[in-house]
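Encoded as structure tokens, the structure appears first; notes follow it.
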Amino acid sequence: MSRIGNNPIAIPEGVTVDVKDNVVTVKGKLGELTQSYDSIEIKVEDNSVWVTRSSDSKDQKAKHGLYRSLMHNMVEGVSKGWTLSLELVGVGYRASSQGQKLDLALGFSHNIVMNLAPEVKVETISDKGKNPIIKLTSHDKQLVGQVAAKIRGFRKPEPYKGKGIKFVGEELRRKAGKSA
């Protein structure tokens, strides 16, 4: 059984946590995040955040660990930020960015142009002889993951040659081709 909810969350320098009316607000150098909660208690004392539950019901146990993880991700995000990298594997697959627009050439008849949220910073790296890489950075972990999943969904990696968009370091399950 998980005991994640019992661990305190350390608040680093430059980060403030406010709890009012079942809404937690976390402010830091990279931005501000808010999260509403219910049926648990959140207290801030001695540069740490404590999440407690009043009973051992199944619902409260689940929310205890959930809200503790969400709070930890918020504190980590406004202090350090979150980064996800995607790799384009395939002949002729390219990516370029201008401001908040990401232009992807993925072997379709037309390029895919995607407008990103202002909270997400995008950077494309194209070195000769290497696969293009898209780096997404933000203070909101959920938003970065959602944008990365949407980009990956345009051309998921196929199991035979591995062509498509994959996360950097992702292990793909490969299949053998036709055998003679």
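The values are calculated or read from the model by the stated rules, or taken from the named source; none is laboratory data. None of the values given here were measured: they were computed from a predicted structure. Here the Cβ is made from the backbone with ideal geometry for all residues, glycine too, and neighbour counts use every protein chain on show. Heads up: the accessible areas ignore ligands, DNA and RNA and are worked out on the full protein's heavy atoms, side chains in. Shrake-Rupley method; radii C 1.70, N 1.55, O 1.52, S 1.80 Å.
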Test result for Ser96, within 15 Å of Leu30 (Cα to Cα), open to solvent by less than 70 Å² (accessible area, probe 1.4 Å) and among the small types (Gly, Ala, Ser): no
Scanning region 27-76 residue by residue, those of a type in the set (Asp, Glu) and either free of Cβ contacts under 8 Å to residues at least 60 places away in the same chain or closer than 12 Å to Gly5 by Cα (or both) turn out to be Glu32, Asp38, Glu41, Glu45, Asp46, Asp56, Asp59
Here are some conditions: (1) open to solvent by less than 60 Å² (accessible area, probe 1.4 Å); (2) out of contact with any Pro (no Cβ under 6 Å at 6 or more places or on another chain); (3) closer than 17 Å to Leu136 by Cβ; (4) in contact (Cβ under 8 Å) with a residue 60 or more places away in the chain. Leu88 meets all but one. Which one does it not meet? (2)
Report yes if Thr25 is more than 30 Å from Pro157 (Cβ to Cβ), loosely packed, with under 15 Cβ neighbours inside 10 Å and at pLDDT 95 or above, otherwise no. yes
Any hit, region 134-147, residues being over 12 Å from the mean Cα position of the chain (by Cα) and either open to solvent by 50 Å² or more (accessible area, probe 1.4 Å) or more than 22 Å from Gln35 (Cα to Cα) (or both): yes
Quick check, is His110 loosely packed, with under 12 Cβ neighbours inside 10 Å and of a type outside the set (Lys, Arg)? yes
Among residues belonging to region 113-123 that are assigned to a strand (DSSP E or B) and surrounded by 12 or more Cβ atoms within 10 Å (Cβ to Cβ), point out the one that is farthest from the chain's Cα centre (by Cα). Met114
Criterion (of a type in the set (D, E, K, R), at pLDDT below 95 and outside any loop (DSSP other than H, G, I, E, B)) met by exactly one of Lys128, Lys63: Lys63
Determine which member of the set Asp56, Asp46, Asp38 is at positive phi and loosely packed, with under 13 Cβ neighbours inside 10 Å. Asp46
Quick one: would you say Leu102 is open to solvent by less than 60 Å² (accessible area, probe 1.4 Å), in a strand (DSSP E or B), under 30 Å from Lys29 (Cα atoms) and not small (Gly, Ala, Ser)? yes
So which of Gly164, Gly81 is surrounded by 13 or more Cβ atoms within 10 Å (Cβ to Cβ), at positive phi and touching a Pro at 6+ places or on another chain (Cβ under 6 Å)? Gly164
